[in-house]
Amino acid sequence: MQVLDQREIQRKGGLASRYPTAYIIAQFLKRYNFGRVLDVTFGVGRFYKIQRPKLLVGADIKKREWIVVPDIFIQKPVWGLRYEKQLEQLQFDLLVVDPPWGQAQRRTEYSEVVGTPEIIIEYAMKLAKELSIRYVLVHYNKLLKNLDVVENVAFKPWTRYLNSQNTITYFTLYKV
């Protein structure tokens, strides 16, 4: 397991300094030559600021003000994507899932509407199998069990005003 401290990435300067998680995603995209990506929790598209794939399809429950504009955007939760005919016609190298697992997940009503991180990941894995996507990249604060890990990067965020020494998130590439 590779451990990356946010300060290490920020020392590189440029976009890596502004978007450290995008730097990690860019490394995965380059190393494994992932050119066709389906991101089922797209958010604002920050992950693709440094390295944009050839085909980027984003899906989320809400359209936000994007940093990176996807080629196709589908406004649905991950479990609603099973019925999207246009996805069946596309071939993807990678499915990316970054479920909301921070403060918002502690509110019960939020979890009931959006789904818990575990439910979102579970449906993402099912969707990957249905669409014959061989790799799933998960950004989460826990490692998933009973899955084939290809690569795992532990990311230690750091801020001047927040003691985050024990906070680690994982960027884990799983083979489906």
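The values are calculated or read from the model by the stated rules, or taken from the named source; none is laboratory data. Note that this is a predicted model, so its numbers are computed, not measured. Positions of Cβ are backbone-derived with ideal geometry, glycine not excepted, and every protein chain shown enters the neighbour counts. The area values use the complete protein model at the heavy-atom level, side chains included, leaving out ligands, DNA and RNA. Shrake-Rupley method; radii C 1.70, N 1.55, O 1.52, S 1.80 Å.
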### Task
Starting from the residue with the highest accessible area, list W158, W79 in decreasing order, probe 1.4 Å.
W158, W79
### Query
Taking K and R as +1 and D and E as -1, what net charge do the other residues with C-beta under 15 Å from the C-beta of V78 add up to?
-2
### Task
Determine the per residue accessible area of segment 9-101 with all protein chains present and a 1.4 angstrom probe, expressed in square angstrom.
50 Å²
### Task
Given a cut-off of 24 Å, name the pairs among K63/K85; K76/K126; K54/K175; K62/K145; K12/K62 whose C-alpha atoms lie farther apart than that in the structure shown.
K62/K145; K12/K62
### Query
For the chain, which whole-number percentage of the solvent-accessible area (1.4 Å probe, protein heavy atoms only) is attributable to carbon and sulfur atoms?
47 percent
### Query
Net charge near M125, counting Lys/Arg +1 and Asp/Glu -1 over other residues with Cβ under 13 Å of its Cβ?
+2
## Note on the structure
One finds, for R18 and V150 with R0 = 45 angstrom and r their Cβ-Cβ distance, a FRET efficiency to the nearest 0.05 of 0.95
### Local electrostatic count at G35 - Lys and Arg +1, Asp and Glu -1, tallied over other residues with Cβ under 11 Å
+3
### Query
Which angle from 0 to 90°, rounded to the nearest 10, does the C-alpha axis of helix 20-31 make with the longest principal axis of the chain?
60 degrees
### Task
Measure nothing fancy, just the Cα-based angle from helix 117-130's long axis to the longest principal axis of the chain, in degrees from 0 to 90, nearest 10.
50 degrees
### Query
Can you tell me the Rg and Dmax of segment 22-95, counting just the alpha carbons, in angstroms?
11.7, 32
### Task
Apply the Debye scattering formula to the chain, with a single equal point scatterer on each alpha-carbon and no solvent, then give log10 I(q)/I(0) at q = 0.09, 0.12, 0.15 Å⁻¹.
-0.29, -0.53, -0.86
